[in-house]
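Below: the structure, in structure tokens.
None of the figures in this text is laboratory data; all of them are computed from the coordinates on show. Everything numeric in this text was worked out from a predicted model, so none of it was measured. Here the Cβ is made from the backbone with ideal geometry for all residues, glycine too, and neighbour counts use every protein chain on show.
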Amino acid sequence: MSRFLCAELAALKPYVPGEQPQDKKYIKLNTNESPFPPAEEVALAVARREKSLNLYSDPDCRALKSAAAALYGLDEGCVSPGNGSDENLAHIFAAFLKDKGVAFPDVTYGFYAVLCSALGIRRTVVPLREDFSVDVADYASVTCPVCLANPNAQTGICLPLRDIEKLVLQNRQRLVIIDEAYIDFGGQSCAPLVKKYDNLIVVQTMSKSRSLAGARVGFCFACPEVAADIERVRCSLNPYNVNSMSMYAAVAALGARAYFEECVQSVISVRGYTAERLKGMGFEVLPSSANFLMAKRAGTGGHELYEKLKERGILVRHFAEGRIADFIRVSIGTRAQMDRFLGAVRDILGEE
Ligand code: PMP
């Protein structure tokens, strides 16, 4: 650390993303990417834009706002785009939480805590139930804004729409931020509720169900006044935050409905297949509505399993801290990739 760093950032621990090996040696099941390439239309859209990279991208991101809004029958004025939904989260946290703090579960997306440290936001940590589900009643007495991933990150467990609405209605003076990074794999989006409630913000990403993690595109939905506040922050920090190739890649991917459905259905079906086989080998598997599974097995350490899978060319994720240290998180790949993963697990258990 240099002597120039702001004192308040001295204790900052940056977010540690899953490994991204560049040698492509591994079957990558560690960062919840799609195992499928982007829709065919995406390559065409990118090639078309490449020729005008001498020009800045549209700072209003009109094409992206319009395509994202159309997903839920919303107006363009209800959308703010991000360079990945991580950036949307940063804009939202900066816009609304600095003076109020935020509450989120003890097991959730680690980036929320990192953003709090980076921006000096007070956090209230609310434990999940014993079975790792969220009880919205636990938030009834919370007066600061609430941030939930739904389905939750690291568990995959999803709250039904009625529970999200209950949370929003518990306190209309408090903002509720719902991070729907994984919603397409089994949940029902609450995005249409922004028409009814001005204290709801919904964040979504192109990185998972739409195969564009490398393009870095996300967006959030809110009532026009709240969306305008988020836009104010976005345009103050980086008005050209979404580059033109990524924006048109995203628009093309949002238009490729049949391909999207096909990819999502494959993930859902392979998720069920993988979960059943893991259970057959003695694993406890959390009920997932996301594109990953959290699994643990008595007598087999999470870290040990992670290491042994890595030795066999398969990358999964292990979180060393807290209540999930015994688990591994495995992203759902193709059926062939999951068969390789299951074979490697069988092999490892055979050694024990
Ligand atoms: N929210 C959750 C819950 C996530 O797991 C992720 C992916 N790490 C993100 C947001 C951020 O995704 P991206 O920035 O790629 O849109």
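In table form, for the structure just shown:
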quantity	calculated
For the chain, calculated [θ]222 nm from helices alone, where every DSSP H run of n ≥ 4 adds -39500 (n - 2.57)	-11500 deg cm²/dmol
Among 183-191, 12-20, the order from most to least packed when residues are scored by Cβ within 10 Å on average	183-191, 12-20
Distance between region 1-78 and region 122-185 - C-alpha centres, whole angstrom	25
Rounded to the nearest 20 debye, dipole of the chain from Cβ charges on Lys, Arg, Asp, Glu	260
Region 190-251: C-alpha gyration tensor shape, a/c 1.5 cut-off, then a/b vs b/c	oblate
Cα-only radius of gyration and Dmax that characterise the chain, units Å	20.3, 59
Estimated translational D of region 139-220 in µm²/s (Stokes, Kirkwood radius over Cα pairs; 20 °C; 1.002 mPa s)	163
Formal net charge of residues neighbouring MET206 (Cβ-Cβ distance under 11 Å; K, R +1; D, E -1)	+2
Prolate/oblate/rounded call for region 18-102, Cα gyration tensor, a/c under 1.5 rounded	oblate
Positive dipole terminus of region 310-352, leading residue within PHE319, VAL345, SER331 (C-beta point charges)	SER331
Extension gain, ALA325 back to LEU169 (0.36 nm per residue minus Cα-Cα distance, nm)	52.7 nm
Net charge contributed by nearby residues that have their C-beta within less than 12 Å of GLU261 (K/R +1, D/E -1)	0
Estimated dipole of region 187-298 in Debye, rounded to 20 [Cβ of Lys and Arg +1, of Asp and Glu -1, Cα centre]	320
Dipole-positive endmost among LEU29, LEU5, PRO160 within the chain (Cβ charges, Cα centre)	LEU5
